[in-house]
Amino acid sequence: MSNTLKTITVIGAGGKMGMRISANFQKSAYQVFYVENSPKAQEQVTAQGRELSDAASVVPVSDVVILAVPDIVLGKVSEGVVPQMKAGAILLTLDPAAAYANLIAHRDGIEYAVAHPCHPSVFLERYTKEEHADAFGGIAAVQHVAASYETGSDAQKAELSKVISVMYGPVEEVHWVTVTQLAYLEPTLVETVACMVGAFMKEALDETVKHSGVPEEAAKAMLYGHIQIALAVAFRATNPFSDACMIAMEYGREKIVKPDWKQIFDQKELDIVIARMLKIDAIKR
């Protein structure tokens, strides 16, 4: 396989992620083809000045084919796309769940990779309004990307990094891991834990206002500021938590956190959550 990647096809170009990454590719030097089946989504693509292509015409000539479609249909979509790909081309998915569950169609001579954005760090130094407004990433705020390309050489990874850095740009660094490691990062670390905690904090805010009568704006001000300081202390040890705070934190653990919570890092538990996400009975090995 040539290390130079020049031609890219985005399948699902009119979806949420498809529109995000297409906006960045549209400004790049790559030759990019946009494929979308939904009539409504097709209108979104063409409204941005992107010409639609037929998959059967462009997939066979593409160095990289990106599947920007929901996890639950990745298997089915890949079954139609992979047979059309040229030898040595890379099939790139945006989430690890389907790849981890072995739902992606395989064929000898095709390379497989996954790349998922880390999103701009809560600790990122931001200097412009655009950077402050870009919570998701891919517009103005710098982010990292976690990616898997287990069969790729260092040279191939370096070339694919260029594609990934455009797709999710601006990107500071692409971190190479295995598919299984990427699955531990998402869903386990960031969805099972971090996103759950974020939603839990919103519930706690609502309950505080409901049960104490504290004005909502006062509760938000207290919580939003303390989220920042809690993360700074926990992750950067800028200052220690006070003795009284440590006592309250331990009380919170006793009341809220199950003693055996770390079992979520057992691979059998990872299999369970991914199977639920993909709406399948179980992960097949």
Note to self: Show me the helices (runs of 4 or more DSSP H) entirely contained within the stretch 65-139 in which 1 or more residues are within 19 Å of Val174 (Cα to Cα).
What the structure shows: 97-100
Check: Are any residues in the stretch 46-64 assigned to a helix (DSSP H, G or I) and surrounded by 17 or more Cβ atoms within 10 Å (Cβ to Cβ), and if so, which ones?
Finding: Ala55, Val58, Val59
Notebook entry, point to check: Before we move on, is Ala199 part of a helix (DSSP H, G or I) and either modelled with pLDDT of 95 or more or farther than 29 Å from Pro120 by Cβ (or both)?
Noted result: yes
Notebook entry, point to check: Hey, does the stretch 128-141 have a residue that's open to solvent by 50 Å² or more (accessible area, probe 1.4 Å), of a type in the set (Phe, Trp, Tyr) and under 23 Å from Lys27 (Cα atoms)?
Noted result: yes
Next item on the list: Might you let me know whether the stretch 24-44 holds any residue that is on the phi > 0 side of the Ramachandran plot and out of contact with any Pro (no Cβ under 6 Å at 6 or more places or on another chain)?
Entry: no
Margin query: When you scan the stretch 6-14, do you find a residue that is of a type in the set (Ser, Thr, Tyr), closer than 16 Å to Lys162 by Cα, in contact (Cβ under 8 Å) with a residue 12 or more places away in the chain and surrounded by fewer than 16 Cβ atoms within 10 Å (Cβ to Cβ), even just one?
Written below: no
Next item on the list: Working only within the stretch 24-45, note down all residues that are surrounded by 14 or more Cβ atoms within 10 Å (Cβ to Cβ) and assigned to a helix (DSSP H, G or I).
Entry: Asn24, Phe25, Ala41, Gln42, Gln44, Val45
Margin query: Test of understanding: among Gly252, Gly225, which residue is over 23 Å from Glu191 (Cβ atoms) and modelled with pLDDT of 95 or more?
Written below: Gly225
Note to self: Just to be sure before I move on: is Ala55 more than 16 Å from Val35 (Cα to Cα) and in contact (Cβ under 8 Å) with a residue 12 or more places away in the chain in the structure I sent?
What the structure shows: no
Item checked: Criterion: closer than 28 Å to Ile280 by Cα and either of a type in the set (Ser, Thr, Tyr) or modelled with pLDDT under 95 (or both) - qualifying residue of Ser22, Ser2, Ser78 -> Ser78
Notebook entry, point to check: In the stretch 162-175, which residue that is in contact with a strand residue (DSSP E or B) (Cβ under 6 Å, 6 or more places away or on another chain) and surrounded by fewer than 19 Cβ atoms within 10 Å (Cβ to Cβ) is nearest to Ala141 (Cα to Cα)?
Noted result: Glu172
Check: Restricting the first residue to the stretch 99-115 and requiring it to be among the aromatic types (Phe, Trp, Tyr), which pairs with a second residue that is buried (at least 18 other Cβ atoms within 10 Å of the Cβ) and assigned to a loop (DSSP other than H, G, I, E, B) meet a Cβ separation below 7 Å and a spacing of at least six or different chains?
Finding: Tyr112/Ile104
Check: List pairs: first in the stretch 75-93 and among the charged types (D, E, K, R), second assigned to a helix (DSSP H, G or I), Cβ under 9 Å, 6+ apart or cross-chain?
Finding: Lys86/Val59; Lys86/Pro60; Lys86/Val61
Margin query: I'm trying to understand the selection: among the residues of the stretch 142-152, which are farther than 28 Å from Arg126 by Cβ and open to solvent by 50 Å² or more (accessible area, probe 1.4 Å)?
Written below: Glu150, Thr151
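The values are calculated or read from the model by the stated rules, or taken from the named source; none is laboratory data. This structure is a prediction, so every number in the text was calculated from the model and none was measured. Glycine gets a Cβ as well: all are built from the backbone with ideal geometry, and neighbour counts include every protein chain shown. Calculation scope for accessible area: heavy atoms of the full protein, side chains included, ligands and nucleic acids excluded. Shrake-Rupley method; radii C 1.70, N 1.55, O 1.52, S 1.80 Å.
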